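The values are calculated or read from the model by the stated rules, or taken from the named source; none is laboratory data. Given the structure is predicted, the values throughout are model-derived calculations rather than measurements. FYI the Cβ positions are ideal-geometry reconstructions off the backbone, even for glycines, and counts take in every protein chain you see. We work out accessible area using only protein heavy atoms, side chains counted, and drop any ligands, DNA or RNA first. Shrake-Rupley method; radii C 1.70, N 1.55, O 1.52, S 1.80 Å.
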Amino acid sequence: MLHIFGGAGRGWFFLVASVGCLAVLVSDVRIVRRLARLATSKDLHQMCWLLLREPDAGDAYLVLYRADDDPDEAPPMLLRLAKKSQARRLPPSGVADVHGLLNSVTVLVPWIDGSPVWTRHPVTTLDLTTERDRGRLTYLKGSETHGQ
């Protein structure tokens, strides 16, 4: 096989690159399977959501609030969408069925208008008593623009 791809030098490069690509593919398949299981899991919560976009990069985020709790008592959660294009089909706010455990290190899959909204990022619980999280939320709302 090494001789087919231009001798030992190029052949080794091709072989190493092929193994690397195969490892990435296997990793991505595992992530997709885990997300698919999560999207249909029994851990279901009704949550209110608000769509926000980062002013500089344009990344889309959902701010999630528990629908059955007092918004002042339960901290909001911030979920970054996998693709900016997903946000184009979403209204500015609403209520979603969110699959997944509600903790600060998990990935959640909201279902909005009958379709899953995908992400590969864990949810971030916002502590609005800190200046950092209040500033982050203000930045996403577009009230102030600075390069974070």
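Remark: pairs (first residue in region 124-142, within 19 Å of TRP49 (Cβ to Cβ); second residue of a type in the set (Ser, Thr, Tyr) and part of a loop (DSSP other than H, G, I, E, B); Cβ separation under 8 Å; 6+ apart in sequence or on different chains) = THR124/SER104; THR125/SER104; TYR139/THR145. Comparison of THR124, THR138 shows that the only residue that is open to solvent by 30 Å² or more (accessible area, probe 1.4 Å), hydroxyl-bearing (Ser, Thr, Tyr), in contact with a Ser or Thr (Cβ under 9 Å, 6 or more places away or on another chain) and at pLDDT 80 or above is THR124.
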